[in-house]
Each structure stands twice: as structure tokens, then as C-alpha cells.
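Read-outs: derived from the displayed coordinates by stated rules, not from any lab. None of these values were measured; they are calculated from a predicted model. Backbone-built Cβ (ideal geometry, glycine too); neighbour counts: all protein chains shown.
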Amino acid sequence: MMARSVKWTAAATALTIVAALTLSACGGSDLDGAYYDEDGRITIDGSSISYHTFGCESTGKSAVIINDKAKKTGELNDAGDQVIWSGGRGTEPITVSKSGDTIDIDGKQYAAMDEKEAMDGYKSMCGQN
């Protein structure tokens, strides 16, 4: 009876380890989130990355919008230190600040901030003060 209990415990432990490893592989990266520059938003979701530019709802004085169509899309490499852009646009290094609130892609800074705050910075381009 004890041998059966030991086998069951070993099997349960192995199953728990496999399940934990499987679940951790499905999770996102530490970079997950939205980061902004003066022209738009970079979104990182797992290994996927996309860049959407800001725009104006219409000509003249209008609301700031984030364009639906991504200007650039790509994937993070397995190490998470390179962006591989789709459409043959090459690769660029990506680094994260020590505080984790900014990322740098090939020398261009993107900051984690509230979306409204980021869009407020673009208001002058849409005729707003």
C-alpha cells in the first residue's frame, strides 16, 4: 500500500511541475503593455508588437485618435532583446529601463503612461490648444 502511495505522490508532483511549466510558457512577457512616444503607441502582447500612430478625427480642430491600422507590426525574438519587424523591415534592439517604465527601440524612447495623457500631448497637431 505504501509503494502505491509513493508512486501516486511522485506522479502528482510530476504532473504539477509539467502544468506549471506549461502555464508559464503561455504567459506574456515582462514587457507587456502600451508605451507612447510623441507620435503614437507601441503595444507589446506576449511576443507580438505593433505601432499605431496618433491622428486627427477630421481636418481642422478635431479630436485625437489612435489609428486602427498598425504602421508597423513584428515579433520579439526568444530572448526578448530584438524586435523582428514584419514585411522585411529588419530587426532592432529593444531595451527596458531599470524602472520598467520606458523601453528603447533602436534609440527611440517610448514611455508607459496613461493613454489620455499621451493623446493630450498630440492635441496641438489636431488644432487644439
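With θ set to phi - 60°, apply the Karplus curve 6.51 cos²θ - 1.76 cosθ + 1.60 along segment 113-126 and write out the HN-Hα couplings as whole Hz, x wherever there is a Gly or Pro.
Calculated HN-Hα couplings, in order: 7, 5, 4, 4, 4, 5, 5, 4, x, 9, 3, 4, 5, 9 Hz.
List the residues whose amide H sits under 5 Å from the amide H of GLN128, counting only those 5 or more places along or on another chain, with H placed 1.01 Å from N in the peptide plane.
SER62
Give me ASP120, ASP68 sorted ascending by neighbouring Cβ count inside 10 Å, so fewest comes first. Spell out each step's value before the answer.
Details: ASP120 12, ASP68 7.
Ordered by Cβ neighbours within 10 Å, fewest first: ASP68, ASP120.
Hey, which lysines would be in cross-link range of LYS123, C-alpha to C-alpha under 17 Å, not counting anything within fewer than 8 residues on its own chain?
Within reach: LYS61.
Would you pull out the residues with amide H under 5 Å of LYS72's amide H, same chain only if 5 or more places away, H placed 1.01 Å from N?
It is TYR51, by chain and number.
Between SER86 and ASP114, what is the FRET efficiency for a Förster distance of 25 Å, r being their Cβ-Cβ separation, to the nearest 0.05? Please report the intermediate quantities before stating the final value.
Numbers: r = 28 Å, r/R0 = 1.13.
Efficiency at R0 = 25 Å is approximately 0.30.
Explain nothing, just the number: relative contact order of segment 33-126, from Cα pairs under 8 Å at least 6 residues apart, as a whole percent.
Values: 179 pairs, mean separation 25.8, N = 94.
Dividing the mean separation by the residue count of segment 33-126 yields 27 percent.
Taking θ as phi - 60°, what are the ³J(HN,Hα) couplings along segment 46-63 by the Karplus curve (6.51, -1.76, 1.60), each to the nearest whole Hz, with x for Gly and Pro?
Each residue of segment 46-63 in turn: x, 9, 7, 9, 9, 10, 10, 7, 6, x, 10, 4, 7, 6, x, 6, 8, 6 Hz.
Can you spot the lysines whose alpha carbon is less than 19 Å from LYS71's alpha carbon? Ignore those fewer than 8 places along the same chain.
Within reach: LYS108.
For a quick check: sort ARG89, ARG41 by the number of other beta carbons within 10 angstrom, fewest at the front.
Numbers: ARG89 12, ARG41 21.
In order of increasing Cβ crowding within 10 Å: ARG89, ARG41.
Pop the C-beta distance of THR102 and LYS123 into the FRET formula with R0 = 25 Å and round what comes out to the nearest 0.05. Numbers along the way, then the final one.
Working: r = 22 Å, r/R0 = 0.89.
With a Förster radius of 25 Å, E is 0.65.
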